[in-house]
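The values are calculated or read from the model by the stated rules, or taken from the named source; none is laboratory data. Keep in mind the model is a prediction, meaning the values are calculated, not measured. Methodologically, a virtual Cβ is constructed for each residue, glycine included, from the backbone with ideal geometry; neighbour enumeration extends over all protein chains shown. The accessibility values were calculated without ligands, DNA or RNA, using every heavy atom of the protein model including side chains. Shrake-Rupley method; radii C 1.70, N 1.55, O 1.52, S 1.80 Å.
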Amino acid sequence: MNWFSARENAAKMKNSMVLLETVKKELKIAKDGLSADKKVHLTTQNCMKQCRTSPNMKIDGKLYTGLTEEKVLGLIRTLK
């Protein structure tokens, strides 16, 4: 499963870095971007061209917009 998190300025202003840390913690992401079980590869992307709906995340090509910490935790629970 590939997860991409945007890290552009608009997303940073909307707590994207907090959400990124939440994903890393919940999935136990190592420095190489792989989860402890090796099922998830997490990378960041400078821009997803979706500033209006940031923070955003792509999971296996599907775009998730307007994310909050609660929404991210829900995604993790349903996709595990």
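Here are a few things to note about the model shown:
- Residues of segment 62-80 satisfying the condition of being modelled with pLDDT of 90 or more and under 22 Å from residue 38 (Cβ atoms): 62, 72, 73, 75, 76, 77, 78
- Number of the exception - residue 40 against (1) closer than 20 Å to residue 73 by Cβ; (2) at pLDDT below 85: (2)
- Qualifying residue in segment 1-20 (condition: in contact with a helix residue (DSSP H, G or I) (Cβ under 6 Å, 6 or more places away or on another chain), modelled with pLDDT of 80 or more, in a loop (DSSP other than H, G, I, E, B) and open to solvent by less than 40 Å² (accessible area, probe 1.4 Å)): no
- Scope segment 28-37; condition within 18 Å of residue 75 (Cα to Cα) and surrounded by fewer than 14 Cβ atoms within 10 Å (Cβ to Cβ); matching residues: 28, 36, 37
- Selection from segment 42-80 of residues that are open to solvent by 70 Å² or more (accessible area, probe 1.4 Å) and under 15 Å from residue 26 (Cβ atoms): 69, 70, 71, 77, 78, 80
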